[in-house]
1. Please list, ordered by first then second residue, the pairs with beta carbon atoms under 8 Å, 6 or more apart or interchain, first in region 157-177 and in contact (Cβ under 8 Å) with a residue 40 or more places away in the chain, second open to solvent by 80 Å² or more (accessible area, probe 1.4 Å) and among the charged types (D, E, K, R).
2. Of the residues in region 112-125, how many are at pLDDT below 95 and surrounded by fewer than 20 Cβ atoms within 10 Å (Cβ to Cβ)?
3. What number goes with the only condition from (1) part of a helix (DSSP H, G or I); (2) surrounded by fewer than 20 Cβ atoms within 10 Å (Cβ to Cβ) that Thr79 does not pass?
4. Consider Ser94 carefully, then state whether it is under 30 Å from Trp171 (Cα atoms), open to solvent by less than 60 Å² (accessible area, probe 1.4 Å), modelled with pLDDT of 65 or more and touching a Pro at 6+ places or on another chain (Cβ under 9 Å).
5. Cβ-Cβ under 8 Å, sequence separation 6+ or interchain: first residue in region 119-142 and under 25 Å from Leu80 (Cα atoms), partner open to solvent by 90 Å² or more (accessible area, probe 1.4 Å) and part of a helix (DSSP H, G or I). Which pairs?
Amino acid sequence: MAKKTKSGPTKSAPKKRATKKRATKKPAKKKPAKKNAARKKKARSKAATRKTAPKASGPGDREAILARLREILAKRARTLVVTQDDAKGYVLYSKVNGPNGRPLMFAGSAVRKGTINYYLFPVYMDPALLKGISPELKKRMQGKSCFNFKTLDAALMKELEALTDRCWARWKADGNV
C-alpha cells in the first residue's frame, strides 16, 4: 500500500518476484591419464586381433550386383507394380492390398552405403520358405527378410533366384498377386 507522508501519498516500490535459481551444471571430472592410456592401449590390441571385414566392392561390382538382382525381379514385373527402377534400386509391389489397406511389397533391391540389399517379404510372412538355404546365403541375412551383398557370387545369386521363385509360387498360391 502507499505510505502517507507530509507531501502526500507516494507509490510503494514494486515487489520483487521470487526467482528460482537455475541449477548450474558442474564440469565433468576428468579421469586420470593412466586409465585413459590403458583404455586406448586395450582398444588398439583388440583392433589388432579382430578379423578385418572385406572392404566394400568397387562401383563396377555394385552395379553388377544391382543388375543381377534386377534381372531376378524383372521376371515378375508384368504381374506386379514396379515402384522404383533406377540406380538406387528396383522395387516390386503387389496389386492386392494388405490388411492395412496398402499394397503388399513382394521384393526389392536397394543400394546402401557398404552393401546392396535384397528384400524378400514373402520370407517375412512365411519363414518356412527359408528351409534348405545354404549357410553362405544365411550369413548374408540381416533381420528376417533382408540379404546383404558386397560382392557378386554367381552361386549365391542362383540360390537367391531359386528362393525368389519359391516365394513367388507361395505368393500366387496365397492370392497375393
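The values are calculated or read from the model by the stated rules, or taken from the named source; none is laboratory data. Remember, predicted model here, so these are calculated numbers, not experimental data. Cβ placement follows ideal geometry from the backbone for every residue including glycine, while neighbour counts extend to all protein chains displayed. When the accessible area is computed, the model is the full protein with side chains, heavy atoms only, and any ligands, DNA or RNA have been set aside. Shrake-Rupley method; radii C 1.70, N 1.55, O 1.52, S 1.80 Å.
1. The qualifying pairs are Val177/Lys95.
2. 5
3. (1)
4. Yes.
5. Partner pairs satisfying both residue conditions: Pro122/Arg170; Asp126/Arg170; Leu129/Arg166; Leu129/Arg170; Leu130/Lys138.
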